[in-house]
2 protein chains.
Amino acid sequence: MSLPPDPPLHFRLHVFICTNRRPDDNPRGSCAGRGSEALREHLKDAQKRLGLKDVRINSAGCLDRCGHGPVLVIYPEGVWYSFATTADLDEILDAHLVKGGRVPRLMVDDPAKPQ
Amino acid sequence: MSLPPDPPLHFRLHVFICTNRRPDDNPRGSCAGRGSEALREHLKDAQKRLGLKDVRINSAGCLDRCGHGPVLVIYPEGVWYSFATTADLDEILDAHLVKGGRVPRLMVDDPAKPQ
């Protein structure tokens, strides 16, 4: 079946940051338990300072990649990053969200080794 | 700058349903205030019954399209739907998530009228 073209993207880039929180004694841990909520606030503040209006940064429930957490995914390209610090997010913001590049050292999936 | 190819998509389709809740007296309303949490549970249950494992259904914070709420967005195509009932979601599940088509009557953005 051939489809008519989809409408233009509403956001140039749409970022989803896992802010799922499990109880502290859960052995799987969780992204929020590893600080993702405060890290998300940092990224949103940095975006606002830049005036980057065509990118939306959202919180999301469990993205099911807990072993790599905290994680985020950027669509439409579907690139996943694992981050730990505000400096990691600053690098993703500048290299990927602003300049359209990638931050290979933080990517969850290795482009050289398709899954 | 030319980029190396991105890794394959981790999920064939990734659905984000707004479950943002504002206070009941907020004039903007909210997707959760219009029932999106229970509707999301319906969609997840229906997905599970179908055994549709390459699609991920997530909750998300405010997607900033409140006037159309409840809303969901499906990536990587970035198609937005406005839904009100479990029947709406069943139709999106069958037509879009399973069969790869679209449900034009529920789409937020009209493909015939690019924004």
Next on the checklist: I want to confirm something. Restricting to region B:1-52 and keeping residues that are in contact (Cβ under 8 Å) with a residue 60 or more places away in the chain and assigned to a strand (DSSP E or B), which single residue is surrounded by the fewest Cβ atoms within 10 Å (Cβ to Cβ)?
Outcome noted: B:Leu13
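Rundown of residues vs (1) in contact with a strand residue (DSSP E or B) (Cβ under 9 Å, 6 or more places away or on another chain); (2) surrounded by fewer than 18 Cβ atoms within 10 Å (Cβ to Cβ); (3) at pLDDT 95 or above, yes/no style:
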site	(1), (2), (3)
A:Asp54	yes, yes, yes
A:Ser59	yes, no, yes
A:Leu63	yes, no, yes
A:Val73	yes, no, yes
A:Trp80	yes, no, yes
A:Asp88	yes, no, yes
A:Asp94	no, yes, yes
A:Lys99	no, yes, yes
Next on the checklist: With the requirement that a residue be touching a helix residue (DSSP H, G or I) at 6+ places or on another chain (Cβ under 9 Å) and more than 9 Å from every other protein chain (Cβ to nearest Cβ), what does region A:95-104 give you?
Outcome noted: A:Leu97, A:Val98, A:Val103
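In region B:105-115, how many residues are more than 10 Å from chain A (Cβ to nearest Cβ) and surrounded by 14 or more Cβ atoms within 10 Å (Cβ to Cβ)?
1
The values are calculated or read from the model by the stated rules, or taken from the named source; none is laboratory data. These numbers were taken from a predicted model, which means no experiment stands behind them. Cβ atoms come from the backbone with ideal geometry, glycine included; neighbour counts cover every protein chain shown.
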